[in-house]
Amino acid sequence: MNLSRSPVAARAIALIITCSGAVSTEQGVIPARTYSEHLELRVKVSGDLIVGVMGGDPDARVDLSNVSVVLPKTSLPLLCMHVTSQDGAFTAQSEYGLQGVFPGIVRLQFPTRYSVQLSSLRARQLAVRAWLASTCAKDPEVLVVATWNQGQPLGPLTFLINSRDYRTSLRFSHPSSLGETVCEQITNETVTAYNLTCTISDTYGQISLQAVLRRIRGPHHLQPVTVNVTLQ
Amino acid sequence: MSYVSKWSMGRYRAVVVTVAATAFVVALVLTLIPVSTVYDVTATTERVDFVANSVMRTIHLDHMQVSSDSAQIEADFSGAVELTVGSKVSITRVGLGRLSIEVTLPDSGSSEVAVLRGQDGKRLPLRLGTYAYFESLVHEDTSGTGGNLVIPISGTIELGRELGAETNATVPLLRTGKVTLVGQSLLDSTQIFEASAADLHLGDGFEITAPETAAEGVIVLNEEPALAVSFRCKARGARVIRPGGGRDRLTVPLQTRLAKDPLVQHCWLAFLFLLGVVKVIKKPELEVK
């Protein structure tokens with residue numbers, strides 16, 4: 001009788017061996033105590049890892065009346081947007097319906113009551129994370145690029161990242177090329193919401209980009225995080 | 001009183017008024033300009049950062065695993081690590097956990113992050129680009145062994161780190177500490193006075209903002225959790241970074257300088273004395289016989 005082709009028979013024999021106390025050395029030593037383990041598929045954190053994906057000059061002052069996103073062709077009904085200041089003092093969430101909105105650079109209304117306080121910030125100090133979804137309660141799967149200065153060229157892509165105690169880099173690939181950038185620490189400023197900028201200097205007119213955030217501390221690697229960004 | 005003597009009195013008064021005004025300006029300037037201060041810091045912290053300088057750039061380590069970005073370089077290294085000047089060194093020990101040291105070059109000007117010098121005398125340059133990582137293979141719990149691990153540090157030192165919206169469950173924190181500010185008189189550096197003191201609390205960060213000399217100190221690992229740190233630095237300013245991003249400046253307060261700096265006190269006393277003399281010397285009235 002071939003045991004490998006008869007799972008029922010194999011299980012029956014294994015049960016008999018286990019119940020009789022016999023230990024097969026080929027299968028290894030059975031744990032003496034109750035075996036327990038825990039796999040956290042989704043680690044709960046207090047802050048977001050990717051706080052913003054932005055185009056345009058990161059050092060230009062924000063123009064609150066000109067926040068815009070690069071909207072691709074999509075069948076999804078909603079554009080979700082989170083805005084976070086670098087010092088963590090300001091956060092905003094908003095949803096935009098996309099019915100009747102054409103692809104391209106789309107200007108969004110940002111009806112903040114704190115324009116006086118926010119208008120002195122640089123673009124990199126006010127992170128925008130925007131994504132397309134059927135419901136904004138879900139985590140982002142595909143991010144779109146946002147900018148505070150519509151009309152200016154999108155230029156380099158800046159990822160604003162909240163990753164401390166780890167050497168963090170961003171590997172990116174689009175259909176024609178591959179690259180890696182080491183994220184830089186933001187110094188001499190309050191970094192409550194995010195502390196790193198990772199810049200992709202040129203996207204070569206590609207339609208989309210896949211970025212993989214890698215966090216390493218010596219031999220310890222955190223699980224890479226993959227981000228898909230649409231560029232056109 | 002003759003016209004001539006009154007004229008002399010007037011001239012003396014003018015001279016005294018000029019000297020008093022000068023004394024006032026000098027006293028004001030001496031009071032307001034930032035004074036050199038020695039920051040005497042002791043703390044228990046789980047993270048210390050410093051930039052290696054040419055004075056102290058050798059660390060002696062025992063049983064460390066050495067790796068670069070992702071590759072292991074040495075499985076069990078004991079010996080000295082000679083750091084490249086300008087390297088940023090981050091030393092971490094959370095609780096009674098393992099000691100880890102991260103070394104990063106600020107730019108790619110040098111191809112060596114560090115040189116390992118083993119106990120056998122062999123030199124191994126780490127040509128890793130910009131990054132090296134050392135982690136202790138054993139828990140550095142020295143209780144019962146009668147030993148400790150001492151790491152001398154020199155350069156620009158920071159304690160703890162800014163606590164933000166964390167994405168990890170384990171965060172290396174400053175636990176507790178004290179900063180004593182010792183003021184130094186501007187013209188006579190031998191005249192020192194204890195200016196003030198500040199406590200460092202759980203989650204704070206501490207950094208010197210305007211150093212005049214390199215900080216000199218020591219990190220000690222012993223039977224206690226985390227790292228015991230002590231260092232001194234002459235500077236014109238320092239700040240405590242509170243959890244959530246608040247920043248408190250630590251300088252010698254104005255009232256303390258008035259109360260304790262002998263030079264400032266003498267200048268103000270001289271001014272007050274001259275002011276009194278001006279009051280005593282009456283303003284002459286011109287009389288014509």
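Quick notes
- Protection-proxy order for peptides B:81-94, A:102-115, each taking the mean of Cβ atoms within 10 Å per residue, highest first: B:81-94, A:102-115
- Simple point charges give the picture: +1 on the Cβ of Lys and Arg, -1 on the Cβ of Asp and Glu, and for the range B:28-82 a dipole about the Cα centre of about 320 debye.
- The dipole here belongs to the range A:64-153: it is taken about the Cα centre, uses +1 on the Cβ of Lys and Arg and -1 on the Cβ of Asp and Glu, and is about 180 debye.
- Placing unit charges on the Cβ atoms of the charged side chains and taking the dipole of the range B:161-289 about its Cα centre, the candidate lying farthest along the positive direction among B:Q255, B:I208, B:A165 is B:Q255.
- With viscosity 0.890 mPa s and temperature 25 °C, the Kirkwood radius over alpha carbon pairs of chain B converts through Stokes-Einstein to a diffusion coefficient of 109 µm²/s.
- Acute angle (nearest 10 degrees) that the helix B:3-32 long axis makes with the longest principal axis of chain B, alpha-carbon atoms: 10 degrees
- Between 0 and 90 degrees, the angle of helix B:262-280 with respect to the longest Cα principal axis of chain B falls at about 10 degrees.
- Amide H contacts for A:G56 (H built 1.01 Å from N in the peptide plane; partners 5 or more residues away or on another chain; cut-off under 5 Å): A:G155.
- Size descriptors for the range A:77-223, from the alpha-carbon set: Rg then Dmax equal 16.2, 51 Å.
- Highest-MSF residue in chain B out of B:L221, B:L275, B:L250 [GNM, Cα springs under 10 Å]: B:L275
- Per the Debye formula on identical point scatterers at the alpha carbon atoms of the range A:76-160, with no solvent, log10 I(q)/I(0) at q = 0.19, 0.20 Å⁻¹ is -0.96, -1.06.
- Estimated dipole of chain B in Debye, rounded to 20 [Cβ of Lys and Arg +1, of Asp and Glu -1, Cα centre]: 2160 debye
- Between the residues B:I59, B:S36, B:T18, the greatest Cα displacement towards the positive end of the dipole of the range B:11-64, with unit charges on the Cβ of Lys, Arg, Asp and Glu, is found for B:T18.
- Within 10 Å of each Cβ in B:225-231, the average number of Cβ atoms from other chains: 0
Only the coordinates and a few stated rules stand behind these numbers; no lab work does. Bear in mind that the values here come from a model prediction, so they are computed numbers and not experimental data. Here the Cβ is made from the backbone with ideal geometry for all residues, glycine too, and neighbour counts use every protein chain on show.
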